[in-house]
Structures are given as C-alpha cells and as structure tokens.
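Worksheet: one structure, shown below.
The values are calculated or read from the model by the stated rules, or taken from the named source; none is laboratory data. Bear in mind the structure is a predicted one, so any value in this text is a computation, not a measurement. Glycine also receives a Cβ, built like all others from the backbone with ideal geometry; neighbour counts cover every protein chain displayed.
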Amino acid sequence: MDVSRYFPQLQDISKAKITLSEVVTPTPLMHNMHLSDAYDANVFLKREDLQIVRSYKIRGAYNKIKSLSPEQLECGIVCASAGNHAQGVALSCKLLNIKGTIYMPSTTPKQKIEQVKMFGNGCIEIILSGDTFDASNIEAKEYASQTGKTFIPPFDDPKIIEGQGTIGMEILQDSKCQLDYIFVPIGGGGIVSGIGSYIKQISPSTKIIGVEPAGAASMKASLEKGEVTELDRIDKFVDGAAVKRVGNYTFEICKEVLDDIVVVPEGAVCSTILELYNKNAIVVEPAGAISVTALRFYADKIKGKNVVCIISGSNNDITRMEEMREKSLLYERLKHYFIIRFPQRSGALLGFIRDTLGPNDDITHFSYIKKTNKEAGPAVIGIEVATPEDYLKLIKRMDEQGIVYEYLNEKKDLFEFLI
C-alpha cells in the first residue's frame, strides 16, 4: 500500500467498529464540571481509561490481529510496546488463543509489565530490551523477520489506525452539540490519525489539536521539517507518548487532519494528573493526561466552545506519584532548592527559620556537611511555598539579610547531581 496515498475511509472505520464489537465496550463521553468552569467552556472527557485494558490500544491491536490469516495466527505474533499496546496485544492473544512475543523497554514500569502478564494469561512471552520504545521496536522487528511471526505495529499500520478511528465515531455518536475542538495525545500518531480522519470526513469544522510531551515532540519536529524526523534523544517520563520517530502512515495523515500541535511540559502534565485525581477521582497515566494539560495553553481560544479531551489511558504506577508531585511543584514554582552558606556558629539555622522563612514556607529537604576549616558551611535546602508570590518574598528577605545562596532550580546539571 502506498503510504502517501492511504487515508482511512468511513467504511474502513465502520468495518473496524463491527470487528471490535466482540471485545470493546464504547466508552462514555462525560461532561466535566470542574474543567468546564475553569476554562469557561463545555469540556467533555472521552474516557478510554475505562477500557478493559485501561487504554484505547485494544482497539487497534485487536482490529489488526483479527485481520490476519489462519496461517499467520497459527505461527504467532510479535510486538513492541512501552505498555498499553502490549496489554491490548496480550488480551487479543488470550481471546483468540494465539501465541505472542512482546518486547518492552527495560525502563517500563513494573505495574505495566504485570498487567501485560495478567491479560496474556499464559499466551504471551515478555522480553525486556532496550531503554526506549524505539530500541525495543527494532529488536522486535528483527525477531519477527527471523521467525516468520507477524509483527503487530503499535501505530503505523492501516488496521491499527482504523481501529483507533472508532473512537472518533463514538464521539460524534454521543455528542449532543457541534464540537469545536478535540484534543488528542500523540505518541507515534495512531490515535490522532484515526480520530482525525473520521472527524474531518463527518465534521470538517471541528479542529483536531494534537498534543505531545515537550521531551518527545517527534510529530511537531516532523511536520516542521516536512518529513518524518527521528529525534536524537527523548525524555521518557511520559512513557506512553515517548517516541523518537512517528510513523510513515501517521505522518501523512496528520499533515491532512491536524489543525495544530500543542507541546506540553512534563511538569504541567504532573499537575494535571494530581488535579484529575484530587478533584475528579480520575486516575490517569502521563500520556493520558496530556490532552487535558493542553487546555491551559489554549485557554483563550476555547472560551465558550465545546471541547473534547481524550483520556487515553490510566495505567499509572502508584510508586511514581511522589516523583510526579515533585515535578508538579517545581513546574508551578512552588518548590525551590538552594545551596545556602550558613555561618558556622550555633543558631545559624534557627535564625534562618525564624527570621527568613515566611509563615507559609516549609523546609522539605535539608542536606548539610560541616567543614571545620571554613567560615561558612554549605547546605542544600528545599523550600516549599504556598504561592509563587511567596517565593519572591522569600528571595527578598534573603537578599535583605545578606544570606549567601545559589539557586538550583534553573541549573539542570547541578540540580540533578545534588537533588
């Protein structure tokens, strides 16, 4: 199939919908009161986190595997995934009673690995390989070519894209108003290609906004250069969307269906995860939160509009929550780290706490090594404030009192070494 000529048609997505009726229950399109009030808009969440595998990936995986011949199914399948595609493939293997080999990055959270094992229920083998999805993907393709097994791509395949396109069909079926914006996460581009291709054929005035993490904005880089572009390095924090190279099919489709791309910082994504949990009791993974995160960067444009955000998955590792809280506080400028040189005399720290800290400031990190041959001892101190304005007041008091300090938040290498 000519990549540049392929575009998912309504009949292809409709056929995928029939195929998926065997395994997929349509997920709700839910109005969210909190987000609607916050952005003065009608904000709806498409809850793909409520799928049996807790992400949309079952749609594309099952649609692709179901299209294989009996001979291909008998030989077995191979895939590579950072987690969610693996779960969709694993469940498909179990339901169709076929054997699968799943390559996952060695950095994949343990929670996702255990989920893949559970859904596969003895039908799959997991191989941990490489530090990124892209590295695992290369090895999985090599293994497939050596064994004759069929490779199931995570995003760059017509059947995968058509399966994901059924989300767009459900959105329009459930919506009771004309939609102005749909915010869709982008990793390799499968879900946005599927949703975008369906929506644009039925409701061309609806704007499709792709959302990428700042540390892995591979689709934005590709569109800017006019060709598929592989990033030299990526930040793997938003693991479900951390892809160095988008697909060939998905790139061509995105050129046609995307109205804009928003790139969101990882710290802002963490703030969204915490907010959705604390205010809506919704558990999302980083990739599942990026569409909602984009609203803060589109706030002026969506006022008074009807907006849909795709919650793509909820496979979050609870052990990462403290890290997410830290990243959120740093991004919101509510946590600040300093090297402070205290005079080596009794009561220096007490004086700092009494005279320098504000009533809402809290020391959350302290590391101090006394050096008797120096007049001043350096300490690494982390201070959490209630508002960004409290930080400015803290700095003013430190300067007025002649405190010698070095601000660490903006010195990445030193920050990562000390904190």
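Might you check whether a residue that is assigned by TED's automatic domain parsing to the domain that holds ILE171, farther than 22 Å from GLY189 by Cβ, β-branched (Val, Ile, Thr) and in contact (Cβ under 8 Å) with a residue 60 or more places away in the chain occurs anywhere in region 27-39? The answer is no, given that none of the residues of region 27-39 is assigned by TED's automatic domain parsing to the domain that holds ILE171, farther than 22 Å from GLY189 by Cβ, β-branched (Val, Ile, Thr) and in contact (Cβ under 8 Å) with a residue 60 or more places away in the chain.
All told, SER205 meets the bar of being part of a loop (DSSP other than H, G, I, E, B), among the polar types (S, T, N, Q) and either surrounded by fewer than 21 Cβ atoms within 10 Å (Cβ to Cβ) or at negative phi (or both).
Yes or no, residue by residue, for (1) buried (at least 20 other Cβ atoms within 10 Å of the Cβ); (2) under 25 Å from LEU414 (Cβ atoms); (3) modelled with pLDDT under 95:
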position	(1), (2), (3)
ARG296	no, no, no
ALA299	no, no, no
VAL307	yes, no, no
ILE310	yes, no, no
ASN315	yes, no, yes
THR319	no, no, yes
LEU334	no, yes, no
PRO343	no, yes, yes
LEU349	no, yes, yes
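Could you tell me whether SER222 is out of contact with any His (no Cβ under 8 Å at 6 or more places or on another chain) and surrounded by 20 or more Cβ atoms within 10 Å (Cβ to Cβ)? Taking the combined requirement at face value, the residue satisfies it.
Of the set (1) buried (at least 19 other Cβ atoms within 10 Å of the Cβ); (2) of a type outside the set (Val, Ile, Thr); (3) under 30 Å from ASN280 (Cβ atoms), all apply to HIS31 but (1).
Each row is one residue, and each column tells you yes or no for (1) buried (at least 24 other Cβ atoms within 10 Å of the Cβ); (2) touching a Ser or Thr at 6+ places or on another chain (Cβ under 8 Å); (3) under 23 Å from ALA299 (Cα atoms); (4) not assigned by TED's automatic domain parsing to the domain that holds LYS17.
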position: PRO158; (1), (2), (3), (4): no, no, no, yes
position: MET169; (1), (2), (3), (4): no, yes, no, no
position: SER175; (1), (2), (3), (4): no, no, yes, no
position: LEU179; (1), (2), (3), (4): no, yes, yes, no
position: ILE182; (1), (2), (3), (4): yes, yes, yes, no
position: GLY190; (1), (2), (3), (4): yes, yes, no, no
position: SER193; (1), (2), (3), (4): yes, yes, no, no
position: GLY196; (1), (2), (3), (4): yes, no, yes, no
position: ILE199; (1), (2), (3), (4): yes, yes, yes, no
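Of the listed requirements (1) under 30 Å from ILE234 (Cα atoms); (2) in contact (Cβ under 8 Å) with a residue 40 or more places away in the chain; (3) surrounded by 18 or more Cβ atoms within 10 Å (Cβ to Cβ); (4) hydrophobic (A, V, I, L, M, F, W, C), ILE102 misses just one: (2).
If you go through region 85-144 and keep only what is in a loop (DSSP other than H, G, I, E, B), small (Gly, Ala, Ser) and within 23 Å of the chain's Cα centre (by Cα), you end up with SER106, SER129, GLY130. State whether the residues of region 173-185 include one that is at pLDDT 95 or above and part of a helix (DSSP H, G or I). Looking for residues that are at pLDDT 95 or above and part of a helix (DSSP H, G or I), one finds at least one in region 173-185, hence yes.
Restricting the search to helices (runs of 4 or more DSSP H) fully inside region 294-402 and requiring at least 1 residues that are more than 30 Å from ILE167 (Cα to Cα) gives 321-331, 348-355, 388-400. Checking each residue in region 1-47 for being basic (Lys, Arg) and more than 25 Å from PHE297 (Cα to Cα) picks out ARG5, LYS15, LYS17.
Only residues that are in contact with a strand residue (DSSP E or B) (Cβ under 8 Å, 6 or more places away or on another chain) and among the hydroxyl-bearing types (Ser, Thr, Tyr) were counted across region 214-244, and they come to 1.
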